[in-house]
Structures are given as C-alpha cells and as structure tokens.
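The values are calculated or read from the model by the stated rules, or taken from the named source; none is laboratory data. The shown structure was predicted, so the numbers you read here are calculated from the model rather than taken from an experiment. Using ideal geometry, Cβ is built from the backbone for each residue, glycine included, and neighbour counts are taken over all protein chains shown. When the accessible area is computed, the model is the full protein with side chains, heavy atoms only, and any ligands, DNA or RNA have been set aside. Shrake-Rupley method; radii C 1.70, N 1.55, O 1.52, S 1.80 Å.
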Amino acid sequence: MRRIDFVTLKLFVAIADERSLTRAAEREHLALAAVSKRVSDLENQLGIALLYRQPKGVELTPAGHALLHHARNMMDNLEQLNADLSEFSEGVKGHVRIHANTSAVIEFLPEDLASFSRLHPQVKIDLEERVSSETIRAVREGLTDIGIFAGHVPAEDLQVFTYRHDQLVLVTPREHPLAERDGLFLREAVGYDFIGLQQDASLHGLLQHSAHSQGVALRLRIQVRSFEAICRMIHTGMGVGVLPDLAVRTYLPALDVRVIPLHDPWARRELKVAVRNQDNLSLTAKQMLDHLRNSGVAGEGSALPS
C-alpha cells in the first residue's frame, strides 16, 4: 500500500467515472497501454481484482468500489492541502481550527473572532459548528485545536477553561397561556408541547435531565436541528421551547413569540473552551485561546443575571 501513488489513484477515479480505460486515458492525457499497465500493476500489488473487463468498458468490483471511496477522499484532501498551502504563499501567517456548539456560534463567536481577526489579519480561522459531544470528541482526536461546548457536558482528560455564560429562556407563541408571565420554572411549563433539538444536542440532554430530576417529563412534540427551526415552529403555534436568550433575539424581529426568563438555577449556563494540551498548541492557537478566554472575562459584565 505504501507504493500507491496519487497519479494512479487519480487515474483510477477517472476510470470509475468514465467506465472505460480508453476514455480515462484520453481524460488524463496518457497512452492506453500505460493506463492498462498501471491498473494491472495496482491489482497485482494489492492481490485483488479491481475491475471487471467487459466488451464495452469496465465495471468496478466490490474491492474497486472500496478503493474508489478512499481514493476520492484522498483526492479531496489533496486539493484542500493545495488550497491551504497556497494561502500561506499569499501571506497567511497562521491557521487555527475551532469546533463550537450552536450557542457559541450564534451568541459570542462572531464578535470574538472578528476582534481577533482585526488583531491578526493574516491568520486563517476554520470554524465548524458541531454539537457539544462532537466538539469534545474532535478535540480529543486532534481534529480541531480548540473546542467550545456546554459546560455541563463531561470533558475528562482535556484542559478546560471558562468561556462565557448564557441565560436559557422559555419561548412561547404570542397568544400562549404562559406568554404574559414575567418568569417561571421549567416544571410550570411541562404540561405543554415542547419543540426541541435532536437527541445528541447538549441542550436536549440538559432539559431531559432537569425534568427527570424533578419527577416530571417533557412532552416533546417535534425535534429539529437548529435554533431557528425551533423558533419558527413556536411562531406557528406548534409548542414552546427552551433556548439561549441571546440566540432567540437573533430571530425575534421576524417572529411573533414571547421570551420568558427561567428561574431554574441550571438556566444560567456556562460555556467552556477546551484544548488537548495548552503547551502543545501552535503559537496561533495559543493566541486564539488567550483571546477567547479574555473576551469571556470582558463580556461577563453584559451577561444576564440568573
């Protein structure tokens, strides 16, 4: 396997696309004999047949399909590598990867990353939105430099720091029986239909755990994948939901909903930032980590009281 080169893999992808050695040779500007030899050598090296030779072309064997899957991934990764390296040749001086949950992406990161970019304009930032459990896994596996997630989710064996706090609120339709309340506890709303996030979202787990600890159950009517979808469902009268206050206010101008503070202690939620090992971070990632931690400290003055 160590002797498989990218030229051969690219050629194999062309053969799979064209279903013809002749057309693949034309596409890759190679002689047909050279294409045939490369494929035969590859099959001999692997000890398996990759193609069914037929009078009107070729078809992939099951092993060929498996190789095609990995070959396409490798070609995509190579293109991404070329793109990333070209950016460095054009003046990029650093690169930092961040995975963050939806709350952080909507509530805090736009301003925090913008202020970092003003200080470090030649640093490339890759941000991916993931649920908290996926974010923690990505940090553990080295798929990201920095992860931001809900503080109640366990993150053993990682270095964890406080990032921000947010306030959870109950969102209801404008004409809902609870709409005029100035505040309430979750147990006072459990008799109504809820719109919630998917099973693996940390907020879903927090609500289920809190309801269970009080001996009540949520009437979860619909589960969706975004805060916006929850708000739109509530807007149409399908139920109520619990969301971070700052995130809800992003959608309020277009929606006919009410926001009611929750008095439960867990409703003031902590967001955490984690890394595998601070000492092993690149200089750029260390600068980003320090910036996020300092931004969190500076921003706490504007956080809602519990």
Any residue on another chain or 5+ positions along whose placed amide H is under 5 Å from the amide H of residue 223 is listed here as 196
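Remind me, what semi-axes does region 154-306 give for its equivalent ellipsoid, largest first in whole Å, using sqrt of 5 times each Cα gyration tensor eigenvalue?
Working: eigenvalues 199, 58, 42 Å².
Semi-axes (√(5λ), whole Å): 32, 17, 15.
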Which residues' amide hydrogens lie under 5 Å from the amide hydrogen of residue 123, considering only partners 5 or more residues apart or on another chain, with H built in the peptide plane?
93
Accessible solvent surface per residue of region 165-268, calculated while the other protein chains remain in place, 1.4 angstrom probe, Å²:
47
Specify the angular offset, from 0 to 90 degrees and rounded to the nearest 10, of the alpha carbon long axis of helix 32-46 from the longest principal axis of the alpha carbons in the chain.
70
Compute the acute angle (0 to 90°) between the alpha-carbon long axis of helix 283-299 and the principal axis of greatest extent of the alpha-carbon atoms of the chain; round to the nearest 10°.
20
Probe 1.4 Å, all protein chains in place: accessible area of residue 270 in Å², nearest 10?
60
Options 176, 70, 243, ranked by Cα towards positive dipole end of the chain, top entry (Cβ charges)
70
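What do you get for chymotrypsin sites (Phe, Trp or Tyr not before Pro) in region 93-167 restricted to DSSP loop and a cutoff of at most 13 other Cβ within 10 Å of the site's Cβ? Walk me through the numbers on the way to the answer.
Details: sites: 108, 116, 149, 161, 163; in loops: 108.
Filter output for region 93-167: empty list.
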Taking 30 Å as R0, compute the FRET efficiency from the Cβ-Cβ separation of residue 66 and residue 117 and round it to 0.05.
0.10
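In the chain, carbon and sulfur make up what percent of the accessible area (probe 1.4 Å)?
Values: 8300 of 16220 Å².
About 51 percent, which is the carbon plus sulfur part of the accessible surface.
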Which angle from 0 to 90°, rounded to the nearest 10, does the C-alpha axis of helix 62-89 make with the longest principal axis of the chain?
70
Looking at (i) 1.34; (ii) 0.94; (iii) 1.19, which value of Cα Rg over 2.2 N^0.38 Å comes from a calculation on the structure shown?
(i)
Any idea how far the Cα center of region 102-142 sits from the one of region 170-237, in Å?
27
In square angstrom, what is the accessible area per residue of region 6-85 with a 1.4 angstrom probe?
62
Pairs of Cα atoms under 8 Å, at least six residues apart: use those to get the relative contact order of region 6-85, whole percent.
30
Relative to the present Cα-Cα distance, how much length would full extension add between residue 268 and residue 165 at 0.36 nm per residue of separation?
36.4 nm
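Could you compute the FRET efficiency for residue 74 and residue 216, with r as their C-beta to C-beta distance and R0 at 35 Å, rounded to 0.05? If you can, show how the numbers build up before the last one.
On the way: r = 51 Å, r/R0 = 1.47.
Calculated transfer efficiency: 0.10.
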So how strong a dipole does region 228-280 carry about its Cα centre when Lys and Arg Cβ are +1 and Asp and Glu Cβ are -1, to the nearest 20 debye?
20
Quick one: which residues, 5 or more positions from residue 60 or on another chain, have an amide H under 5 Å from its amide H? H modelled 1.01 Å from N in the peptide plane, none for Pro or chain starts.
52
What shape does region 6-85 take by its C-alpha gyration tensor, where a ≥ b ≥ c are the square roots of the eigenvalues and a/c under 1.5 counts as rounded, a/b above b/c as prolate, and the rest as oblate?
prolate
In debye, nearest 20: dipole of region 6-85 around its Cα centre with unit charges on the Cβ of K, R (+) and D, E (-)?
320
